[in-house]
1. Scan the stretch 23-119 for trypsin sites (Lys or Arg not before Pro) in coil per DSSP, keeping those whose Cβ has at most 12 other Cβ atoms within 10 Å, and list them by number.
2. Bin all alpha-carbon pair distances of the stretch 1-48 at 10 Å intervals from 0 and give each bin's fraction as a whole percent.
3. So, R0 is 22 Å and r is the distance between the beta-carbons of Asp103 and Arg73; what FRET efficiency does that work out to, to 0.05?
4. Treating only the Cβ of Lys, Arg, Asp and Glu as charged (+1, +1, -1, -1), what charge dipole size does the stretch 12-119 show about its Cα centre? Round to the nearest 20 debye.
5. Do the sum for the chain: with -39,500 (n - 2.57) for every DSSP H run of n ≥ 4, divided by all residues, what is the mean residue ellipticity at 222 nm, to the nearest 500 deg cm²/dmol?
6. Tell me the label-point distance for the pair Gln90, Gln45, using the 7 Å Cα-to-Cβ offset, in nm and rounded to one decimal.
7. Considering only Gly54, Gly88, Gly19, give the residue with the highest GNM mean-square fluctuation for the chain, with springs between Cα atoms whenever their separation is below 10 Å.
8. Which of the helices in the chain meet the span-like rule: DSSP H, Cα axial reach of 15 Å or more, Kyte-Doolittle mean at least -1.0?
Amino acid sequence: IGDAMPAPLTATPGDAARGRAIVASRQTGLCLLCHSGPFPEERFQGNLATNLAGAGSRWTAGQLRLRIVDSRRLHPDSPMPAFHRTEGLQRVGPTWRGQPILDAQQVEDVVAFLLTLRD
């Protein structure tokens, strides 16, 4: 709806601690390849995308959710991958076709964590 996906993807609320681990993970979320943020333990952080510090002040849960699920719904030329959309994607290896990068609970966990990042 507009620039947001207001309804959670799961009945289980997101867990901010799990979300932080996903965002900081170089194997799961890969967020820090492009983004930087309040992760002093992470030496190499990206500078191609928005700094995640203050994300919870800038966006609502629904706005964050849509950006994670499929940022190209808002910005068609965005280099950010669709972390939960599986249809209509190109250049996806056969092993990964039909599988989201993050499952629904992981999306909710990341949203919960990003909401804790206030200015």
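The values are calculated or read from the model by the stated rules, or taken from the named source; none is laboratory data. Given the structure is predicted, the values throughout are model-derived calculations rather than measurements. All Cβ positions, even for glycine, are placed from backbone atoms using ideal geometry, and neighbour counts span all protein chains on display. Ligands, DNA and RNA are stripped out before the accessible areas are found, and what is left, the full protein with its side chains, is counted by its heavy atoms. Shrake-Rupley method; radii C 1.70, N 1.55, O 1.52, S 1.80 Å.
1. On the way: sites: Arg26, Arg43, Arg58, Arg65, Arg67, Arg72, Arg73, Arg85, Arg91, Arg97, Arg118; in loops: Arg26, Arg43, Arg85, Arg91, Arg97, Arg118.
Here the sparse-neighbourhood loop sites are Arg26, Arg43, Arg91, Arg97, Arg118.
2. 23, 40, 31, 7
3. On the way: r = 19 Å, r/R0 = 0.87.
Efficiency, rounded to the nearest 0.05: 0.70.
4. Numbers: 13 positive and 10 negative charges, 40 e Å.
So the dipole magnitude of the stretch 12-119 works out to roughly 200 debye.
5. Working: 4 runs with 36 residues, N = 119.
Rounded to the nearest 500, it is -8500 deg cm²/dmol.
6. 3.3 nm
7. Gly88
8. Values: long enough: 104-116 (19 Å, 0.92).
Both cut-offs are met by 104-116.
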